[in-house]
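Student: Here you go, one structure.
The values are calculated or read from the model by the stated rules, or taken from the named source; none is laboratory data. From a predicted model like this one, the values you see are computed outputs, not experimental measurements. When we count neighbours, we look across all protein chains shown, and the Cβ atoms used for this are built from the backbone with ideal geometry, even at glycine. The area values use the complete protein model at the heavy-atom level, side chains included, leaving out ligands, DNA and RNA. Shrake-Rupley method; radii C 1.70, N 1.55, O 1.52, S 1.80 Å.
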Amino acid sequence: MKSKMRKIENSIRDLYGKSQYAVEMHNITKTFGNGSIIANEDISLLVKTNTIHAIIGENGAGKSTLMSILFGIYQPNAGTIKINGEAIHFHSAQDATKVGLGMVHQHFKLVQVFSLLENIILGSEVTKRFGFLDLDKAKQKIQSLSKKYKLNVDLNKKVEDASVGEQQRVEILKLLYRDSNILIFDEPTAVLSDSEIKNFLKMVLDFKKQGKTIIIITHKLNEVKEIADEATIIRLGKKINHCNVSATPIHELSSMMVGRQLHIQKNHMLSYKKDEQMPILKIDNLHVKNISGHKIDALKGISFNVHKGEILGIAGIEGNGQTELALTIGGLVKPTHGSIKLVKTSTNKLDLYETIDLTNLSVKEIYQHGISHVPEDRHKYGLLLDETVSYNCVAPIIDQKPFSHWGFLNKTAIREYTSDLCVKYDVRGSNRGKAIARSLSGGNQQKLVFGREISRAHRLIIYVQPTRGLDLGAIEEVHKHIIEDAKKGAAVILISYELDELFNIASTIMVMSKGHIVYSNPTKNTNRDIVGHHIAHALEGGH
């Protein structure tokens, strides 16, 4: 009997190569903090060769940790790993790369002061005679990959000058450049536009046709349904289920992921007349330089108002001035021309209003006038990664009561505020505020920034990709908080590359292209096809 079983196993291995499974992870357990934090508990994962396998779960469920173990970044406390049927033990990511694994991380692994080209080839440099770098050969390969998969980047640009989307494309090119056979993507479409997502999904299907095996971590279940063969669901560090994607409805996947029924948040204030509302923010003829160093201005004389209770949704392909607009209103970038003005209640008379010119004020002064900002790049602009969660919660207002008085910190007030914020916005892994911000999962870092900014007293709040990297349950909560905030009278600017997000909660939708506003209309008077047409027309070079 044993001999017969062995023959069957050998036949299967002959059919698929060394094994029918490209990846086997058996009984993996991983803990942090001397065992006090259990990230993965006895998880087993089987990924068939030449398939697309999705790993889905809530933020902080342990998905990225599991893949970091597979890629050699973390060492498991228990469990075994096999690649193509052979037991392995990676001591580093370099070991994983040598056997054909490639991983695109949710938090990019890039050297800020290096060019995009240098980052792509780093560790896999091509050399000529006498050890000189063959940059021309490397560029040719990268440009060929860029053209094939529509991943265009400026190879001479430095990472510190690149947008989040460009950095994401560099990470994908790094993986392609190394000819990896087992590809791991952690939230790869989080910062991509609709058209870029379509190209990415097509690219993944092309990888499968070429015989590659793909593991994709994503919260976007429509993408899972579109490309994945099988899925593993993880919740609170434990494996919940393994299923065939085509045979499992989306609502079942979402219920398994969050453990409850989900409800799409809708803004029922879409019919309000903004002409009857007070303008909170007035943008007039704003010109702003491109933060990437290009000579062409990112913003070319745009003007618009945002009203009390309005959620202004800004759509368009990334890189058309949206990032510069948010950074300029937040005070991180200064305009070359034009003005930004905030209308607020007079400090002397409640029934009168005063206009504050924010154009040349510091970030701190702008914050003090009641503007909050959830930035696109939470690592670069949103968090002090090596400080505690508590410090990050109160950093913009730490000089105010009750957090400090006469230069002395009130640690009890800080601790209580942090605890309340983490509970309300479901920031997991905070360890009562003592955890270092860098140690949180990407989704929980995002919830921390979101919770901090919306909790501060504000008249206007700017969101850039606020649900980036969040699971469906967290997205539901974020949308609910944004809508409730607008109902209370806050003006909201929501910059998102997700049209579904904009149509669900924005009261006005505006399209930007090449530094201009090319379309604007109340959401109730437009639809996805019209907005999509204006975005596509802008891509083709029109205004």
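Student: Any idea how many residues of the range 179-238 are of a type in the set (Lys, Arg) and more than 28 Å from VAL464 (Cα to Cα)?
Tutor: Residues meeting the conditions: 4.
Student: With HIS481, HIS458 as the choices, which residue is under 30 Å from HIS369 (Cα atoms) and touching a Phe, Trp or Tyr at 6+ places or on another chain (Cβ under 8 Å)? Walk me through how you get there before you give the answer.
Tutor: Values: HIS458 fails: touching a Phe, Trp or Tyr at 6+ places or on another chain (Cβ under 8 Å).
Criteria check complete, one pass: HIS481.
Student: Quick check on LEU201: is it in contact with an Asp or Glu (Cβ under 9 Å, 6 or more places away or on another chain), aliphatic (A, V, I, L, M) and either over 19 Å from LYS63 (Cα atoms) or buried (at least 22 other Cβ atoms within 10 Å of the Cβ) (or both)?
Tutor: Yes; evaluated as a whole, the condition is true for this residue.
Student: If the Cβ limit is 6 Å and pairs must be 6+ apart or interchain, which residue in the range 519-531 that is closer than 7 Å to ILE509 by Cβ pairs with which residue that is modelled with pLDDT under 90 and in a loop (DSSP other than H, G, I, E, B)?
Tutor: So the pair list comes out as THR523/LEU270.
Student: Could you list, in sequence order, the residues of the range 250-295 that are at pLDDT below 80, of a type in the set (S, T, N, Q) and within 19 Å of LYS225 (Cα to Cα)?
Tutor: GLN261
Student: Contact list please: Cβ distance under 9 Å, first residue in the range 25-42 and under 17 Å from PHE90 (Cα atoms) and hydrophobic (A, V, I, L, M, F, W, C), second residue at pLDDT 85 or above and open to solvent by 50 Å² or more (accessible area, probe 1.4 Å), pairs at least six apart or on different chains.
Tutor: Listed by first residue and then by second, the contacts come to MET25/LEU46; MET25/THR80; MET25/LYS82; ILE28/GLU41; ILE28/ASP42; ILE28/ASN77; ILE28/THR80.
Student: Would you pick out the residues in the range 496-534 that are aromatic (Phe, Trp, Tyr) and under 26 Å from SER292 (Cα atoms)?
Tutor: Keep residues of the range 496-534 that are aromatic (Phe, Trp, Tyr), which gives 497, 503, 519.
Selection gives TYR497, TYR519.
Student: Being open to solvent by less than 10 Å² (accessible area, probe 1.4 Å), touching a Phe, Trp or Tyr at 6+ places or on another chain (Cβ under 6 Å) and not polar (S, T, N, Q): is that true of ILE233 here?
Tutor: Considered against the rule, which asks whether it is open to solvent by less than 10 Å² (accessible area, probe 1.4 Å), touching a Phe, Trp or Tyr at 6+ places or on another chain (Cβ under 6 Å) and not polar (S, T, N, Q), ILE233 comes out as no.
Student: Output the number of the condition that LYS524 fails; it satisfies all remaining conditions of (1) surrounded by 18 or more Cβ atoms within 10 Å (Cβ to Cβ); (2) among the charged types (D, E, K, R); (3) more than 22 Å from ILE329 (Cα to Cα).
Tutor: The failed condition is (1).
Student: Please give the number of the condition ARG468 fails out of (1) touching a helix residue (DSSP H, G or I) at 6+ places or on another chain (Cβ under 7 Å); (2) under 30 Å from LYS344 (Cα atoms).
Tutor: Result: ARG468 passes all but (2).
Student: Give the range 95-140 a look and list any residue that's in contact (Cβ under 8 Å) with a residue 60 or more places away in the chain and of a type in the set (Lys, Arg), or say none.
Tutor: LYS109
Student: Something else about it: Out of VAL363, VAL389, VAL374, VAL394, I need the residue that is touching a Leu at 6+ places or on another chain (Cβ under 7 Å), in contact (Cβ under 8 Å) with a residue 24 or more places away in the chain and surrounded by 16 or more Cβ atoms within 10 Å (Cβ to Cβ). Which one? Spell out how you get there, then give the answer.
Tutor: Values: VAL363 fails: surrounded by 16 or more Cβ atoms within 10 Å (Cβ to Cβ); VAL374 fails: touching a Leu at 6+ places or on another chain (Cβ under 7 Å); VAL394 fails: touching a Leu at 6+ places or on another chain (Cβ under 7 Å).
Residue meeting the stated conditions: VAL389.
Student: Still on this model: If I filter the range 441-464 down to residues being in contact (Cβ under 8 Å) with a residue 60 or more places away in the chain and open to solvent by 10 Å² or more (accessible area, probe 1.4 Å), which single residue comes out as farthest from TYR391 (Cα to Cα)?
Tutor: For the range 441-464, the residue satisfying everything is ARG459.
Student: How many of the residues making up the range 309-348 are in contact with a Phe, Trp or Tyr (Cβ under 7 Å, 6 or more places away or on another chain) and either surrounded by fewer than 19 Cβ atoms within 10 Å (Cβ to Cβ) or under 17 Å from VAL164 (Cα atoms) (or both)?
Tutor: 5
Student: Among the residues of the range 471-513, how many are among the aromatic types (Phe, Trp, Tyr) and buried (at least 23 other Cβ atoms within 10 Å of the Cβ)?
Tutor: Looking only at that region, the number is 1.
Student: Output the number of the condition that THR323 fails; it satisfies all remaining conditions of (1) closer than 15 Å to ARG459 by Cβ; (2) among the β-branched types (Val, Ile, Thr); (3) not in a strand (DSSP E or B).
Tutor: Tallying (1) closer than 15 Å to ARG459 by Cβ; (2) among the β-branched types (Val, Ile, Thr); (3) not in a strand (DSSP E or B), THR323 fails exactly one: (1).
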